[in-house]
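The values are calculated or read from the model by the stated rules, or taken from the named source; none is laboratory data. Model, not experiment: these values are computed from the prediction. Please note: Cβ atoms are built from the backbone with ideal geometry, for glycine as well, and neighbour counts cover all protein chains shown. When the accessible area is computed, the model is the full protein with side chains, heavy atoms only, and any ligands, DNA or RNA have been set aside. Shrake-Rupley method; radii C 1.70, N 1.55, O 1.52, S 1.80 Å.
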Amino acid sequence: MTDPLGIQSSLPPLYAGWLSEALPGAIPAETKATCENCAMCQQNANTGSQAMFFNPNTKCCTYLPELANFLVGRILAEPDASTVPGRDRLEEWIDRGIAVTPFGAVKPPLYDLLYTQATDFFGKSEAMLCPYYIKEGGLCGIWQHRNSICATWYCKHNRGAVGFTFWRTLQKMLGMAERYLAVWCILQLDLGATALKKLFPVENPNQAGAMRTPLNAKQLDGIKDEDNYRVLWGNWLGREKDYYRVCGQLVSGLSWEQVLDIGGIELRMMDRLTLEAYQNLVSEEIPPRLQSGTFQIIRSGSNRHLVETYSIYDPLSMPRQLMEVLDYFDGRPTEEAVQAIYDEKDLNLTAGLIRKLTDFQVLRPTDS
Ligand code: SF4
Ligand code: SF4
């Protein structure tokens, strides 16, 4: 896929190409999320406008992404190994048969258990560090082929909640595409009937909603279950890397329209919602009537308050004087509220400031 508009450069190239077809223009960069000098790490952060910090040894990569089969294939097929330093870890897992299935590279059960049971670890715990994270330099070792969650997560958004909503919607769409495409690849490649039954079990109604299965000794020790593995891989047993490479080739040749055909009505719905979220993201429109939103003051100073609105990672530092005039926004026309604030408080609220307060949900449209 190409990126004919020269946009989406921070996205994996495959997804950037698809989004050049799906969206009418560029996605504005999230310049507040300064990943190379992580904005959530104390040494880089503006401490006056920060409520919490991440561990500089992990940044936000305390997460193990699942990689769809075609992403694994693209990582394996990358001609320049220096661009995918995380590939060694992936190959090690494939060689050991750990958490690799025809769907892709999934979460090892022990990691999954820790992830679901641990608390207050995100951005902090080195035990939960992503295996593709390159400690030297603090970089992603599979950057060009990272999955939809890693490609769309930002700690901070220039447009506050508007940006958050856009990226979350985009993640849902790309995540859905990843799932459908992984299944599509399985359909294209002849794994054999036994493998397909194993991969797509007909649920026993007595087990529906059952508790998580306790981990066995092999899962705890990260040892391959030979019998299970043999059945899962069917006709491709022993050729797993080739299988992934073919998945990568198959999907890399698809246009976004072909991906939508594969994903069907559900993916088309997400495509429409993503387009709407994008239009909001690039719109500068100010709602005609506004009222004060819901937020929490997390730190008070003599001149400024630190306010948590849509995300704990992206608080807003607001002058006390500005906080004191928010009640003027009581559902009357926005320009009347602005004029009243100017007349009575000698405070000139610019359109850009009102837009920002709205983006961060300090102000909300009256009809929302
Ligand atoms: S997105 Fe992650 S790496 Fe980038 S600035 Fe935010 S916490 Fe740091
Ligand atoms: S794949 Fe890359 S971006 Fe995602 S968690 Fe791992 S190191 Fe971070």
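Within the range 147-162, take every residue that is away from ligand 1 (no atom under 12 Å from the Cβ) and of a type outside the set (A, V, I, L, M) and give me the one that is farthest from residue 55 (Cα to Cα). Only one residue fits best here, namely 159. Output yes when any residue across the range 300-307 is out of contact with any helix residue (DSSP H, G or I) (no Cβ under 6 Å at 6 or more places or on another chain), within 25 Å of residue 19 (Cβ to Cβ) and not in a strand (DSSP E or B), and no when none is. Looking through the range 300-307, none of the residues is out of contact with any helix residue (DSSP H, G or I) (no Cβ under 6 Å at 6 or more places or on another chain), within 25 Å of residue 19 (Cβ to Cβ) and not in a strand (DSSP E or B).
The C-beta contact set for the range 101-116 (first residue hydroxyl-bearing (Ser, Thr, Tyr), second residue crowded, with 17+ Cβ neighbours inside 10 Å, distance under 7 angstrom, 6+ apart or interchain) comprises 101/232; 111/64; 115/128. The C-beta contact set for the range 118-142 (first residue over 12 Å from residue 56 (Cβ atoms), second residue not in a loop (DSSP other than H, G, I, E, B), distance under 6 angstrom, 6+ apart or interchain) comprises 121/128; 131/89; 141/134; 142/75. Quick one: would you say residue 51 is in contact (Cβ under 8 Å) with a residue 60 or more places away in the chain, in contact with a Leu (Cβ under 8 Å, 6 or more places away or on another chain) and buried (at least 18 other Cβ atoms within 10 Å of the Cβ)? Spelling it out, it is not the case that residue 51 is in contact (Cβ under 8 Å) with a residue 60 or more places away in the chain, in contact with a Leu (Cβ under 8 Å, 6 or more places away or on another chain) and buried (at least 18 other Cβ atoms within 10 Å of the Cβ). Screening residue 360 on (1) open to solvent by 10 Å² or more (accessible area, probe 1.4 Å); (2) of a type in the set (Phe, Trp, Tyr); (3) touching a residue at least 12 places away in the same chain (Cβ under 8 Å) shows it passes everything except condition (1). Only a single criterion out of (1) at pLDDT below 95; (2) of a type in the set (Lys, Arg); (3) surrounded by 13 or more Cβ atoms within 10 Å (Cβ to Cβ) is not satisfied by residue 212, namely (3). Residue 1 meets all of the listed conditions (1) open to solvent by 50 Å² or more (accessible area, probe 1.4 Å); (2) closer than 28 Å to residue 317 by Cβ; (3) modelled with pLDDT under 95 but one, namely (2).
From the list 246, 202, the one residue that fits, being among the aliphatic types (A, V, I, L, M) and outside any helix (DSSP H, G or I), is 202. Output the number of the condition that residue 112 fails; it satisfies all remaining conditions of (1) out of contact with any strand residue (DSSP E or B) (no Cβ under 8 Å at 6 or more places or on another chain); (2) charged (D, E, K, R); (3) within 16 Å of ligand 1 (Cβ to nearest atom); (4) farther than 19 Å from residue 32 by Cα. Tallying (1) out of contact with any strand residue (DSSP E or B) (no Cβ under 8 Å at 6 or more places or on another chain); (2) charged (D, E, K, R); (3) within 16 Å of ligand 1 (Cβ to nearest atom); (4) farther than 19 Å from residue 32 by Cα, residue 112 fails exactly one: (3). Condition check for residue 224 on (1) assigned to a helix (DSSP H, G or I); (2) under 24 Å from residue 86 (Cβ atoms): one failure, at (1).
Is there a residue in the range 109-122 that is part of a loop (DSSP other than H, G, I, E, B) and open to solvent by 60 Å² or more (accessible area, probe 1.4 Å)? Scanning the range 109-122 turns up at least one residue that is part of a loop (DSSP other than H, G, I, E, B) and open to solvent by 60 Å² or more (accessible area, probe 1.4 Å).
When residue 109 is tested against the conditions (1) away from ligand 2 (no atom under 14 Å from the Cβ); (2) under 20 Å from the mean Cα position of the chain (by Cα), the lone failure is (2). For residue 192, the conditions (1) open to solvent by 10 Å² or more (accessible area, probe 1.4 Å); (2) under 21 Å from residue 67 (Cβ atoms); (3) more than 10 Å from ligand 2 (Cβ to nearest atom) all hold with the exception of (2).
Might you check whether a residue that is away from ligand 2 (no atom under 13 Å from the Cβ), at pLDDT 95 or above, touching a Leu at 6+ places or on another chain (Cβ under 9 Å) and not small (Gly, Ala, Ser) occurs anywhere in the range 57-72? Checked the range 57-72: at least one residue is away from ligand 2 (no atom under 13 Å from the Cβ), at pLDDT 95 or above, touching a Leu at 6+ places or on another chain (Cβ under 9 Å) and not small (Gly, Ala, Ser). The set of residues from the range 320-368 being closer than 29 Å to residue 278 by Cβ and β-branched (Val, Ile, Thr) comprises 334, 338, 350, 354, 358, 362, 366. Pairing residues of the range 341-353 that are farther than 15 Å from residue 363 by Cα with residues that are open to solvent by 100 Å² or more (accessible area, probe 1.4 Å) and among the polar types (S, T, N, Q), at Cβ distances under 6 Å and at least 6 apart in sequence or on separate chains, gives 342/348.
When every residue of the range 139-155 is checked against the conditions, none turns out to be away from ligand 2 (no atom under 14 Å from the Cβ) and either surrounded by 17 or more Cβ atoms within 10 Å (Cβ to Cβ) or assigned by TED's automatic domain parsing to the domain that holds residue 215 (or both).
Among the residues of the range 323-331, not a single one is within 29 Å of the chain's Cα centre (by Cα), open to solvent by less than 80 Å² (accessible area, probe 1.4 Å) and not polar (S, T, N, Q).
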